[in-house]
Amino acid sequence: MSIFTIGYEGLDIENFLALLRLGNVETVVDIRELPLSRKRGFSKNGLREILSANGFHYRHISELGCPKPIRDQYRQDGDWQRYTKDFKRYLAGKGEIIAELSEMAEASRCALLCFEANYRMCHRSFVAAAVQHASGAEVQHLSKAAVKTEMAAGPQNGLLLADTEG
């Protein structure tokens with residue numbers, strides 16, 4: 001079993017969909033607290049419609065988004081260690097939701113969605129790690145580089161094009 005993560009920063013909707021296909025993703029789990037975007041096609045309702053039209057399921061779990069006070073503090077001080085500590089403390093209280101997400105990942109190939117391209121600087125990596133801890137799922141991060149590689153090289157196994165954490 002795997003859990004994927006994906007950030008849409010730097011991707012248009014076509015490349016985003018291509019990346020989901022590379023990972024054979026079935027369900028996109030939006031873990032933005034507020035699923036809004038200035039980027040066309042990435043706000044909740046529009047994204048749900050586009051995903052559905054392309055054969056993907058969509059689920060929004062706002063409780064796994066980073067709370068505004070933690071985001072605001074990070075914007076103010078840029079202290080990633082503090083952000084990490086504060087978000088992990090918040091996430092520690094979300095055991096039931098992590099268990100539910102783990103069950104979803106067993107039933108469907110899920111990708112955790114947020115904005116940031118770099119999963120190392122995004123809360124989705126902590127959510128994925130919590131799912132890994134709860135269920136033993138392998139964490140794979142889908143990236144923009146995989147789409148470029150796929151376009152240049154032709155069809156390949158998308159799993160080989162994703163960063164893996166384990």
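The values are calculated or read from the model by the stated rules, or taken from the named source; none is laboratory data. Since the structure is predicted, the reported quantities are computational estimates derived from the model, not experimental observations. Quick reminder, even Gly has a Cβ in these numbers, built from the backbone with ideal geometry, and neighbours come from all protein chains shown.
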Restricting to segment 86-127, name every residue that is within 21 Å of ASP12 (Cβ to Cβ) and either of a type in the set (Ser, Thr, Tyr) or surrounded by fewer than 21 Cβ atoms within 10 Å (Cβ to Cβ) (or both). PHE115, GLU116, ALA117, ASN118, TYR119
Can you pull out every residue in segment 20-42 that is at negative phi and polar (S, T, N, Q)? THR27, SER37
Mind listing whichever residues of segment 36-68 are crowded, with 22+ Cβ neighbours inside 10 Å and either over 12 Å from the mean Cα position of the chain (by Cα) or among the aromatic types (Phe, Trp, Tyr) (or both)? PHE42, LEU47, LEU51, CYS66
When you scan segment 106-124, how many residues do you find that are without any contact (Cβ under 8 Å) to a residue 40 or more places away in the chain and assigned to a strand (DSSP E or B)? 0
Per the filter on segment 1-18, residues aliphatic (A, V, I, L, M), closer than 23 Å to SER135 by Cβ and outside any loop (DSSP other than H, G, I, E, B) are ILE3, ILE6
Which condition from (1) surrounded by 20 or more Cβ atoms within 10 Å (Cβ to Cβ); (2) closer than 12 Å to ILE6 by Cα is the one that TYR83 breaks? (2)
Within segment 6-21, does at least one residue satisfy the condition of being over 14 Å from the mean Cα position of the chain (by Cα), within 15 Å of LEU112 (Cα to Cα) and in contact (Cβ under 8 Å) with a residue 40 or more places away in the chain? yes
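Per-residue answers, yes or no, for (1) at pLDDT below 95; (2) in contact with a helix residue (DSSP H, G or I) (Cβ under 9 Å, 6 or more places away or on another chain); (3) over 19 Å from GLU26 (Cβ atoms); (4) part of a helix (DSSP H, G or I):
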site: CYS66; (1), (2), (3), (4): no, yes, yes, no
site: LEU91; (1), (2), (3), (4): no, yes, yes, yes
site: ALA99; (1), (2), (3), (4): no, yes, yes, yes
site: PHE126; (1), (2), (3), (4): no, yes, yes, yes
site: VAL131; (1), (2), (3), (4): no, yes, no, yes
site: VAL147; (1), (2), (3), (4): yes, yes, no, yes
site: GLU150; (1), (2), (3), (4): yes, yes, no, yes
Considering only residues that are of a type in the set (A, V, I, L, M, F, W, C) and under 21 Å from PRO69 (Cβ atoms), which ones fall in segment 99-123? CYS114, PHE115, MET121, CYS122
Hey, any hits in segment 25-43 for a residue that's basic (Lys, Arg) and part of a helix (DSSP H, G or I)? no
State whether one or more residues within segment 31-53 are under 22 Å from GLU96 (Cβ atoms) and out of contact with any strand residue (DSSP E or B) (no Cβ under 7 Å at 6 or more places or on another chain). yes
